[in-house]
Amino acid sequence: MRFQKSWEETLDEVEAQQAERGANPWKRALERDLPANVTCISTVALLDLLGLAPTTGNARRIAPTMRSMGFIPLKSRRLMPGGNRGTTIRGWAKPFLELKK
């Protein structure tokens, strides 16, 4: 005997998948392209990894997704070789300790 889903159950599943994609359209792409062992990454490198132009608009669109994945925003001189005064960049890092909510 084989169990078949009703039309309503299938519709509910499809609606849930679409709501998940619509709420966070970048999450699937980031989970696919961003290696699991990455602890910090610059915003420019992240946009390059996704094949997007390094613009402020694209960086702002990705920000909520990065936060939902446990990354925190940072401003650092260390991500660039040399780390001089004019090489400040923005990026994302995973905290070593749990964040308090």
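Net charge near Ser6: determine it from the other residues with C-beta under 12 Å of the C-beta of Ser6, scoring Lys and Arg +1 and Asp and Glu -1.
-3
Among 25-36, 56-67, how do they line up from the highest to the lowest mean number of other beta-carbon atoms within 10 Å?
56-67, 25-36
Applying the Karplus parametrisation 6.51 cos²θ - 1.76 cosθ + 1.60 with θ = phi - 60° to the phi angles of the range 5-12, what ³J(HN,Hα) value in whole Hz is obtained for each residue in order, glycine and proline being reported as x?
After applying 6.51 cos²θ - 1.76 cosθ + 1.60, I find 6, 6, 4, 5, 5, 5, 4, 4 Hz.
The numbers here are math on the coordinates, done by the rules we state, and not lab data. A quick note: this is a predicted structure, and the numbers were derived from the prediction, not measured. All Cβ positions, even for glycine, are placed from backbone atoms using ideal geometry, and neighbour counts span all protein chains on display.
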